[in-house]
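The values are calculated or read from the model by the stated rules, or taken from the named source; none is laboratory data. It should be emphasised that the depicted structure is a prediction, and the values quoted were computed from it without experimental measurement. A quick note on method: Cβ atoms are made from the backbone with ideal geometry, for glycine too, and the neighbour counts reach across all protein chains shown. The accessibility values were calculated without ligands, DNA or RNA, using every heavy atom of the protein model including side chains. Shrake-Rupley method; radii C 1.70, N 1.55, O 1.52, S 1.80 Å.
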Amino acid sequence: MKSKTIKYSSIKLAGLAAAGILFLAASQANATSYAFQDLGTAGGPWSMALAINNAGQTTGGNSRGTPIRDDGEILTIWDGATMTTSDLDSRGWSINSSGAIAGGYADRGFWFFASTWNAAGVRTDLEDLAGRKDEFWSVGQGINDLGQVVGAAVAADNNSYKPLLWDNSTTPTVLDTLGGQTGEALGINNAGLAVGNSFTTGDAASHATLWDINSGSVTDLGTLGGIDSNALAINQIGQIAGWSYLTGDLAQHATFWDGAALTDLGTLGGTNSSALALNNLGQVVGWSELADGSQHAMFWDGATLIDLNSLLDPALVSAGWVLKEAAGINDHGAIVGTAVNDLLGITNGHAFLLSPVPEPETYAMLLAGLGLMGAMARRRKVTVKLHG
């Protein structure tokens, strides 16, 4: 597979200067166990946690009603375990460091339409490609600390959906694809690098895609030999997490792109896995199938794929809790996702929060290192190789 050269808005010198800081913080963020919290629901049968920021604020979706009756989804922010709800028929997909959220609001019927919420919970509706009409969905799926939002929307002809950027404006910009008609952007970092997926020429395949919104370039991140791949998240130093089909297209595996190589993270013994999020230490979370076909939340520490259930207090496991999916991780090692408990009748899933035990003690050093990298990123650029 031929490699492509692109410009990354990150700094080699800053990376070297901060490397010791990041390594020390990473070593302390590798917990051997976690404190578990069921984040509950707004009364209904289910909830989902999709993202967590470094302040410990989590967003996702939540059902109203009763444990056996779903009266509709409501946007939720959990500050630790404290729940605050906002607009009915809405969901948050991403939350930035100031608490601003990108997501969707169903103002007519079933379909979501792209929206953002500021830290005070005030909603701003974003324009899409079809005037927010029924069945022409749109969604904001990533937001950075500069307020730039990426996502996707159905085209006005209803024949495809397009990757979009809202650059501190309600008016979207359509991002290029890899030659095909369809794509979606799922995450964006502070350097203006966005990731997602798009179809190749002739719509023959959908590949993980990297967009540089500063230069307008688009890069095919390749696959593990299969036809399709997807990039779901990017951190501030340009590392990317997602999944790819293997050769033969009978299995998909969680993947990690570090700017030079595509790494197969494997599974927990089953056929399929997917990485959903990563932090600035390069730690990855997601889900994996086990040998019996069941699904568990997973954590990759940079070397080993770990079943997060194995790090729970055994009393919680005996009480019936099963972590099914980990969807977000912050730089303090806190993890959010969805868990079930058949013994308690929680079959549709509840949002959960895992807090590392013992709690890390030197995150000020980590944040200082990231701040140095961010400051230097505005001055210089580095050339790296990506497989495409």
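Being over 30 Å from G131 (Cα atoms), of a type in the set (G, A, S) and crowded, with 24+ Cβ neighbours inside 10 Å narrows it down to one of A251, A261, A231, A277, so name that one.
Working: A251 fails: crowded, with 24+ Cβ neighbours inside 10 Å; A261 fails: crowded, with 24+ Cβ neighbours inside 10 Å; A231 fails: over 30 Å from G131 (Cα atoms).
Exactly one residue qualifies, and that residue is A277.
Name the residue that is farthest from A351 (Cα to Cα), counting only residues in the range 284-333 that are in contact with a helix residue (DSSP H, G or I) (Cβ under 8 Å, 6 or more places away or on another chain) and assigned to a loop (DSSP other than H, G, I, E, B).
Ranking the qualifying residues of the range 284-333, first place goes to G302.
Can you tell me which residue within the range 200-211, out of those that are farther than 10 Å from P163 by Cβ and within 20 Å of the chain's Cα centre (by Cα), is most open to solvent (accessible area, probe 1.4 Å)? Spell out the reasoning first.
Step one: of the range 200-211, the residues farther than 10 Å from P163 by Cβ are 200-208, 210.
When the remaining residues are screened for being within 20 Å of the chain's Cα centre (by Cα), the result is 206-208, 210.
Details: S206: 15, H207: 32, A208: 0, L210: 3 Å².
Among them, the one singled out is H207.
Among the residues of the range 95-127, how many are under 18 Å from Y161 (Cβ atoms) and open to solvent by less than 20 Å² (accessible area, probe 1.4 Å)?
Number satisfying all stated conditions: 8.
Looking at L370, is it modelled with pLDDT under 95, in contact with an Asp or Glu (Cβ under 8 Å, 6 or more places away or on another chain) and open to solvent by less than 10 Å² (accessible area, probe 1.4 Å)? Give the steps one after another, and end with the answer.
Details: modelled with pLDDT under 95: yes; in contact with an Asp or Glu (Cβ under 8 Å, 6 or more places away or on another chain): yes; open to solvent by less than 10 Å² (accessible area, probe 1.4 Å): no.
For L370, the condition - modelled with pLDDT under 95, in contact with an Asp or Glu (Cβ under 8 Å, 6 or more places away or on another chain) and open to solvent by less than 10 Å² (accessible area, probe 1.4 Å) - is not met.
Here is a check on your reading of the model: is L281 in a loop (DSSP other than H, G, I, E, B) and under 17 Å from the mean Cα position of the chain (by Cα)? Show your work before the answer.
Working: in a loop (DSSP other than H, G, I, E, B): yes; under 17 Å from the mean Cα position of the chain (by Cα): yes.
So L281 fits the description; yes.
Given A152, A156, which one is in contact (Cβ under 8 Å) with a residue 24 or more places away in the chain, closer than 20 Å to A231 by Cα and either open to solvent by less than 20 Å² (accessible area, probe 1.4 Å) or aliphatic (A, V, I, L, M) (or both)?
Numbers: A156 fails: closer than 20 Å to A231 by Cα.
Criteria check complete, one pass: A152.
Provide a single number: the residues in the range 159-171 that are over 19 Å from T200 (Cα atoms), surrounded by 13 or more Cβ atoms within 10 Å (Cβ to Cβ) and of a type outside the set (A, V, I, L, M). Spell out how you get there, then give the answer.
Our first condition is that a residue be over 19 Å from T200 (Cα atoms); within the range 159-171, this holds for 165-171.
Still in the running and surrounded by 13 or more Cβ atoms within 10 Å (Cβ to Cβ): 165-167, 169-170.
Pick out the ones that are also of a type outside the set (A, V, I, L, M) and you get 166-167, 169-170.
Total meeting the criteria: 4.
Take G248 and tell me if it is among the small types (G, A, S), in a loop (DSSP other than H, G, I, E, B) and under 28 Å from W287 (Cα atoms). Let's see the steps before the verdict.
Details: among the small types (G, A, S): yes; in a loop (DSSP other than H, G, I, E, B): yes; under 28 Å from W287 (Cα atoms): yes.
Spelling it out, G248 is indeed among the small types (G, A, S), in a loop (DSSP other than H, G, I, E, B) and under 28 Å from W287 (Cα atoms).
From the list W117, W137, W111, W93, which one is among the aromatic types (F, W, Y) and under 17 Å from the mean Cα position of the chain (by Cα)? Give the steps one after another, and end with the answer.
Details: W117 fails: under 17 Å from the mean Cα position of the chain (by Cα); W137 fails: under 17 Å from the mean Cα position of the chain (by Cα); W111 fails: under 17 Å from the mean Cα position of the chain (by Cα).
Testing whether each residue is among the aromatic types (F, W, Y) and under 17 Å from the mean Cα position of the chain (by Cα) leaves just W93.
Can you name the number of the only condition in (1) modelled with pLDDT of 95 or more; (2) outside any loop (DSSP other than H, G, I, E, B) that A55 fails?
Every listed condition holds for A55 apart from (2).
Look at the range 304-328 and say how many of its residues are open to solvent by 40 Å² or more (accessible area, probe 1.4 Å) and of a type in the set (G, A, S).
Of the residues in the range 304-328, 4 are open to solvent by 40 Å² or more (accessible area, probe 1.4 Å) and of a type in the set (G, A, S).
What is the one condition in (1) under 18 Å from A351 (Cβ atoms); (2) touching a strand residue (DSSP E or B) at 6+ places or on another chain (Cβ under 8 Å); (3) not charged (D, E, K, R) that F113 does not satisfy?
Exception for F113: condition (1).
Failed condition for S10, given (1) surrounded by 19 or more Cβ atoms within 10 Å (Cβ to Cβ); (2) part of a strand (DSSP E or B); (3) at pLDDT below 95, with all others met?
Unmet for S10, out of (1) surrounded by 19 or more Cβ atoms within 10 Å (Cβ to Cβ); (2) part of a strand (DSSP E or B); (3) at pLDDT below 95: (2).
Applying the selection to the range 117-149, what residues are in contact (Cβ under 8 Å) with a residue 40 or more places away in the chain and assigned to a strand (DSSP E or B)?
Within the range 117-149, W117, T124, D125, V139, G140, Q141, G142, I143, Q148, V149 meet the criteria.
I need every pair where a residue in the range 57-70 that is open to solvent by less than 50 Å² (accessible area, probe 1.4 Å) has its Cβ under 6 Å from the Cβ of a residue that is part of a strand (DSSP E or B) and aromatic (F, W, Y), sequence separation at least 6 or different chains.
T58/W78; S63/W46
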